[in-house]
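Student: Here it is, the structure, as structure tokens.
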Amino acid sequence: MLPSLKGLLACSCGLTIGFLGLVPLAAETAEKDAQPKGDQLQKAEALVQEVFGRDIQQARLPKQKADLAKEILRAARQEPDSATRFAALQAARRLAVAAQDSALGLEIVREIVASFQPLEQMTPADRLAIADQLWEQAQQLIGAEKVAKQLDAAEAYLQLAPTAAGIVKAKIDKRLGELEIGGPAISRDDAKEILKQAWCVISFEQKRPVWPANRRLMPDKNVLWHPGRNGMCAFFDKKGRIEIVDSSHLSGEKGLSVSALICHRQLHVGEHQILSKDNHDENGQTGWAFRVSADKLLEFVSGNSSRWFVLKSERKILANTWTHVAAVVKNDKCTLYIDGEPEGEMALSFASNSLSVQIGHRALGRLFTNPFDGLIDEIVIWDRAIGPRDLKAIYLVLQKGDSLVNLLR
């Protein structure tokens, strides 16, 4: 929770409201619950401890702490009692700090600011000065202490956000953006540069479905263009496939990165191909495939007739839910990502061939087809390995509803 602000006010800079692009709030706490105090807060904290205390004690690894924080956050969003909801959000916030997960911590702080009044009323200029001071203090810290101080600053920035404009808004957006991706802020221009380095970007928009222009798609009659989450997408009905015509020379010699938004209608028995470049002829089988497995896990498969390597994600893909999935191959090691987070890694032998990349299907011929059943959108293929921060940037762009091809215009 934000520390008492009165003691920090003596250090504020006396900034001018008009120059800063801030408008004084007549009633900044309207339609929000008051933060519980005293016995009311103690009882709420005791209830949260009774339900989640043992789990909190047993969560030792950062991922365990982050997963538990998400569970408590989901419970808090369903909690009708405001005091209990506040205590649960604070417990989730502490876990996110301990996990050093600034993006999750920011999500929790947003929930707190949206639901509860600030402890102290003050002018926008004073609040901005305190937020800036907390942010600067955070830069002198490391680890969980740094995340905690940044979230204190973020709480003050978020209370200012509804009235911010101009330079102040730009500063707030930049600093909150740093927390969203757990590092230095990535702007839309940065994400655009990452996309420009891609071998191919496909958004299935009607006027410009693919970038760059020399990449050509060949959909069969069983694929329909369909409204998706971020514009148009491709709808596959167990049989459809799309071929990236000029992709035979995509060798992966410098690594490979692939990502897509997917949404299953149902998860039938058998694998569901997202992207593939594998074949089976008189010389045997070779290549790679990126798919959802029969047991509903994300998979990257690579190899040849001598040996196949199969990497599976740690968590399942949900049906009827838009999910961002990615795989990165670098130096004979593959890492899977779901919604911007790593979900499995292993060493493998990467293999390619002279066939085109297939979307939603495998190459026609002697292979069992294993088609996709549902929606695929926002495909990106890089002919090299990209970093986790770059993938996170693409995921965040998609979370805001942007079409990747439109971003490149």
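Where a number appears in this text, it was derived from the coordinates with a stated rule and is not lab data. In this text, all values refer to a predicted model and were calculated from it rather than measured experimentally. With ideal geometry, Cβ positions are generated from the backbone for all residues, glycine too; neighbour counts draw on all protein chains shown.
Student: Need the full-extension length gain, residue 58 to residue 224, defined as separation in residues times 0.36 nm minus the C-alpha distance. One decimal, nm. Spell out each step's value before the answer.
Tutor: Details: separation 166, 0.36 × 166 = 59.76 nm, distance 4.86 nm.
Result: 54.9 nm gained on full extension.
Student: Angle check, please: helix 388-399 long axis (alpha carbons) against the longest principal axis of the chain (alpha carbons), in degrees 0 to 90, nearest 10.
Tutor: The helix 388-399 is inclined about 80 degrees to the chain.
Student: Determine, for each peptide in 233-243, 345-355, the mean count of other beta carbons within 10 angstrom over its residues, then list the peptides with the highest first.
Tutor: Numbers: 233-243: 21.5, 345-355: 16.5.
The peptides rank, most packed first, as 233-243, 345-355.
Student: Given the Cα-Cα distance of residue 399 and residue 34 and 0.36 nm per residue of separation, how much length would full extension add, in nm?
Tutor: Details: separation 365, 0.36 × 365 = 131.40 nm, distance 3.08 nm.
Taking residue 399 through residue 34 to full extension adds about 128.3 nm, to one decimal.
Student: Still on this model: For helix 124-138, report the angle its Cα long axis makes with the longest principal axis of the Cα atoms of the chain; keep it between 0 and 90° and round to the nearest 10°.
Tutor: Computed tilt is about 60 degrees.
Student: Summing -39500 (n - 2.57) over the DSSP H runs of n ≥ 4 in the chain and dividing by its residue number, what mean residue ellipticity at 222 nm do you reach, to the nearest 500 deg cm²/dmol? Kindly include the intermediate steps, with their values, before the conclusion.
Tutor: Values: 12 runs with 150 residues, N = 409.
The helix contribution divided over the chain gives -11500 deg cm²/dmol.
Student: At 7 Å along the Cα-to-beta-carbon direction for both residue 81 and residue 110, put a label point, then send me their distance in nm to one decimal.
Tutor: Result: 2.8 nm between the two label points.
Student: Angle, helix 143-160 long axis vs. longest principal axis of the chain, Cα atoms, 0 to 90°, nearest 10?
Tutor: Approximately 70 degrees, to the nearest ten.
Student: Express in whole angstrom the spacing between the alpha-carbon centres of the range 339-409 and the range 121-152.
Tutor: 38
Student: Rounded to the nearest 0.05, what FRET efficiency is calculated for residue 167 and residue 305 with R0 set to 51 Å and r the Cβ-Cβ distance?
Tutor: Working: r = 62 Å, r/R0 = 1.21.
Rounded to the nearest 0.05, the efficiency is 0.25.
Student: Follow-up. Residue 296 to residue 74: FRET efficiency via 1/(1 + (r/R0)^6), r the Cβ-Cβ distance, R0 22 Å, to the nearest 0.05? Spell out each step's value before the answer.
Tutor: Numbers: r = 21 Å, r/R0 = 0.93.
E(calc), rounded to 0.05, equals 0.60.
Student: A further question on this structure: If amide H atoms are built 1.01 Å from N in the plane of the peptide, which residues on other chains or at least 5 residues away come under 5 Å of the amide H of residue 288?
Tutor: 277, 278
Student: Right, something else. Please sort 224-231, 257-264 by packing, taking for each peptide the average over its residues of neighbouring beta carbons within 10 angstrom, highest first. Each step should come with its number before you reach the end.
Tutor: Numbers: 224-231: 16.0, 257-264: 23.2.
Answer by packing, highest mean first, reads 257-264, 224-231.
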